[in-house]
Amino acid sequence: MHITHEHQELRRQIERFVADEINPHVDEWEAAEIFPAHEVFGQLGKLGYLGLTKPEAYGGSGLDYSYGVILAEALGQIGCGAIPMAIGVQTDMATPALARFGSASLCQEFLVPAIRGEMVTCIGVSEPSAGSDVSAIKTTARKDGDDYIINGSKMWITNSLQADWMCLLANTGDGPAHKNKSLIIVPMNTPGITRAKKIRKIGMMASDTGLIHFDEVRVPQRYRIGEEGMGFTYQMMQFQEERLWAAANAIQSLTNCIDQTIEYTRQRQAFGKSILDNQRVHFTLAELKTEVESLRALTYMATQHYVEGKDVTEWASMAKLKAGRLLRTVPDACLQFWGGMGYTWDNPVSRLFRDGRLASIGGGADEVMLGIISKAMDILPGRRP
């Protein structure tokens, strides 16, 4: 992935917006355990950031995915993980399939306001009994005249309390698990939807993560994205962008963690010298920096393949796996060098320690990524000739 002047300028603009409009409020929103999504997304929409890679016909910029990666990376400057995650749901998790396979009328009704930031979106895949195993979802959408009647539950839903519509994966038939699902746009004010509860987590505090129930929820069949029965395939395609986004977003957060630790250990004195002057400390930080730059190289290579139209399932899975691992090891190692200060709630490294732990679980757990990579290598048991 070649970084151009246009990429660099976009990065500078986003980072300026983050510094002026988001970071001054992060501590307040973290304490409130929610952020004003409509207000923030409205600002992002006016600046064109929510539609960088979306078709110009629907108000997007029509740029290639490398610009989406720059957005994800620059949002890593936000002082918490919850707000970038919520934005990523809007840009790279709930809308890619709609933009690619949705009808013109469906895109006008739901994609256009999402790009403008007038509507907040969420993605409904995980359930109380099915997370990483997408094929095992139980939510159903049965036909009734020109409508679907939806029953079931969705869990771990980011933006759940504020979302205006959900991109829902549901079983629409009785065939094989990979061919009986469809993606359906569901307005969240539809009768029969209950936003049951907000889930308290160990991190991502400003994210309104929730459990949602669907009881005889009626939506028109024209709200289906693309062909019936193709939902699993469409969702796997959405996962490629989701996982690339997660990897890209991790890069700046990890870099900041290392830089903040360098600054603290340079100032902090113990036993007659700075903490940073201990070989163990500066060698560890050098090692961590090398790991983060390896993640950047892997993510940029995966992005280049994606821009070229290649299947990046394996590449995106490797990048997501590496990001998840580093979001566990880098904050953990850095926190140790902060001593007691690292064990405080408002410390930026301890916040990343909590927020970053999700990366090895959400969007496909590490074990799922390893399974995908093993399958691509043709070493998965039961699949070898």
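The values are calculated or read from the model by the stated rules, or taken from the named source; none is laboratory data. Keep in mind the model is a prediction, meaning the values are calculated, not measured. Ideal geometry is used to build each Cβ from the backbone, glycine not excepted, and the neighbour counts take in all protein chains shown.
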ask   = So, of the residues in the range 88-129 that are of a type in the set (Ser, Thr, Tyr) and farther than 21 Å from MET155 by Cα, which turns out to be surrounded by the fewest Cβ atoms within 10 Å (Cβ to Cβ)?
value = SER105
inquiry  = For the range 209-256, give me each residue that is over 18 Å from THR95 (Cα atoms), touching an Asp or Glu at 6+ places or on another chain (Cβ under 7 Å) and charged (D, E, K, R).
reply    = ARG218
key: In the range 206-234, the residues that are within 29 Å of ARG354 (Cα to Cα) and surrounded by fewer than 21 Cβ atoms within 10 Å (Cβ to Cβ)   = LEU211, HIS213
inquiry  = Can you confirm whether PHE41 is over 18 Å from ASP164 (Cβ atoms), at pLDDT 95 or above, of a type outside the set (Gly, Ala, Ser) and outside the structural domain of ALA302 (by TED's automatic domain parsing)?
reply    = no
query = Among (1) crowded, with 20+ Cβ neighbours inside 10 Å; (2) touching a helix residue (DSSP H, G or I) at 6+ places or on another chain (Cβ under 6 Å), which single condition is ALA163 missing?
reply = (2)
message = Being assigned to a helix (DSSP H, G or I) and in contact with a Pro (Cβ under 9 Å, 6 or more places away or on another chain) is the requirement here; does PHE353 meet it?
response = yes
request  = Go through the range 180-192 residue by residue and tally those that are assigned to a strand (DSSP E or B) and buried (at least 18 other Cβ atoms within 10 Å of the Cβ).
outcome  = 6
inquiry  = Can you go through ALA206, ALA114, ALA177, ALA163 and tell me which one is in contact (Cβ under 8 Å) with a residue 24 or more places away in the chain and assigned to a helix (DSSP H, G or I)?
reply    = ALA114
